[in-house]
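Engineer: Here you go, one structure.
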Amino acid sequence: MIRVRRLPSGAGVALGVAGALALGTLLGMGSSDRGPATSVAYRAELADTARAADTTLADLAAAVDRALDAARDGAAATVSGDAAPSEAFRAAADRLVAAGPTADDAARRLVRVAGMLAIGSDNDPPRLLVAGADLSSIAAQLRDTAEAADAFAEMRHASRSVLDELRRALAAVTRDDRSMASEALDEAATSLAEVRAWPGALATLPFWTRTIDRLLGALREVVAARVDGDARGEREGLAAYRRAARQASRADRALAIALSEGGGAVAQPALARLADLVAKVTSARDEVAPLLGGDQP
């Protein structure tokens, strides 16, 4: 028997209109017409409507997955590699914006499913708790993340430059190439200033910068002492370098932690919203799944 139940509070005008358009023939039937054949027709129409909604939800899920993959690429590039992470984050944003109409279409199709369930079933209607506007909001956050990620990656590249120039300075000191050593130390100091200028609060980064600063300062003392022919000053500089070098392993770990945690913090808010978006689309598909076989009463 076809049951007509009152629409849930808040179903809205769209639900009533969609239900009327989809089920006008069923509503027009008299009570004597609502026999087994009508029930079969109803179940078939419900299944067709649910399948159309599920197809659109599947398209939306695929688009959101592609956006999430791109955002993950951006997150990875933030903490490692040479490529600018902004390109991947902006690609993720573009994919979400392009999927906005699909989200709205999926919502409309679920409204039609809800309308049919309101007329002939006690099942709760499936819901999609996102819309095109939500995708646009996440896309805007991804674009903001792109800028922050590039800035973080530049700081990370500066930290690598510090280490490269420190190695170059050490090699020059070993060869007693004072000019090359001074040049490398100046380049290292410039890059170190870029690292220190990073505005984010990274708890372990200051330990690394202090250790590097002591190493660079000690090497400067060595170079200056050699230029002046000051053997005692050179010995003191080398001793200072050895003391600072004892912290090298801890400093390396401090930098690794800072880059990992800092890069993750840049990308995590947008990634979390994308993951939540994936979960909501998946939930909507799970709610539609029992209706696809057309076996509802």
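Engineer: Rank Ala181, Gln247, Ala53 by how far each Cα sits towards the positive end of the charge dipole of the chain (+1 on Lys, Arg Cβ; -1 on Asp, Glu Cβ) and give me just the farthest.
Structural biologist: Farthest towards the positive pole: Gln247.
Engineer: At Asp176 and Glu154, where each label point lies 7 Å from the Cα along Cα→Cβ, what is the point-to-point distance in nanometres?
Structural biologist: Placing both labels 7 Å along Cα→Cβ, they lie 4.2 nm apart.
Engineer: Run the numbers on the chain and let me know its relative contact order in percent, using alpha-carbon pairs under 8 Å that are six or more apart.
Structural biologist: It rounds to 26 percent for the chain.
Engineer: Could you tell me the ratio Rg/Rh of the chain? Both radii from Cα atoms, Rh via Kirkwood.
Structural biologist: Radius of gyration over Kirkwood radius for the chain works out to 1.34.
Engineer: Still on this structure, please answer the following. Counting helices only, and only those DSSP H runs with n ≥ 4, report the 222 nm mean residue ellipticity of the chain as the sum of -39,500 (n - 2.57) divided by its residues, in deg cm²/dmol to the nearest 500.
Structural biologist: -29000 deg cm²/dmol
Engineer: Go through Ala83, Ala93, Leu215 and say which Cα lies farthest out towards the positive end of the charge dipole of the chain; charges sit on Cβ, +1 for Lys and Arg, -1 for Asp and Glu.
Structural biologist: Selected residue: Leu215.
Engineer: What angle, in degrees between 0 and 90 and rounded to the nearest 10, separates the Cα long axis of helix 231-245 from the longest principal axis of the Cα atoms of the chain?
Structural biologist: The helix 231-245 is inclined about 20 degrees to the chain.
Engineer: Each label point is 7 Å from the Cα along the Cα-to-Cβ direction; what then is the distance between the points at Ala44 and Ala189, in nm?
Structural biologist: Going by the 7 Å Cα→Cβ label model, 8.6 nm.
Engineer: If I model a spin label at Asp124 and Ile257 as a point 7 Å from the Cα along the Cα→Cβ vector, what separation in nanometres do I get?
Structural biologist: 4.4
Engineer: Hey, another quick one. Sequence gap at least 6, Cα distance under 8 Å: using those rules, report the relative contact order of the range 213-261 to the nearest whole percent.
Structural biologist: Relative contact order of the range 213-261: 35 percent.
Engineer: What are the semi-axes of the equivalent ellipsoid for the range 108-258, taken as the square roots of 5 times the Cα gyration tensor eigenvalues, largest first, in whole Å?
Structural biologist: Result for the range 108-258: semi-axes of 60, 15, 10 Å.
Engineer: Net charge near Gly237: determine it from the other residues with C-beta under 15 Å of the C-beta of Gly237, scoring Lys and Arg +1 and Asp and Glu -1.
Structural biologist: Charge balance near Gly237 sits at +1.
Engineer: I've got another one for you. Quick one: what are the phi-derived ³J(HN,Hα) couplings along the range 286-292, Karplus 6.51/-1.76/1.60 with θ = phi - 60°, whole Hz, x for glycine and proline?
Structural biologist: 5, 6, 6, 3, x, 8, 6
Engineer: Using alpha-carbon pairs under 8 Å, 6+ residues apart, how would you state the relative contact order of the range 63-143 in percent?
Structural biologist: This gives 33 percent for the range 63-143.
Engineer: Roughly speaking, what is the stretch gain from Asp94 to Val278, that is 0.36 nm per residue apart minus the C-alpha to C-alpha distance, in nm to one decimal?
Structural biologist: 64.6 nm
Computed from the coordinates by the stated procedures, all read-outs in this text should not be read as laboratory data. None of the values given here were measured: they were computed from a predicted structure. Glycine also receives a Cβ, built like all others from the backbone with ideal geometry; neighbour counts cover every protein chain displayed.
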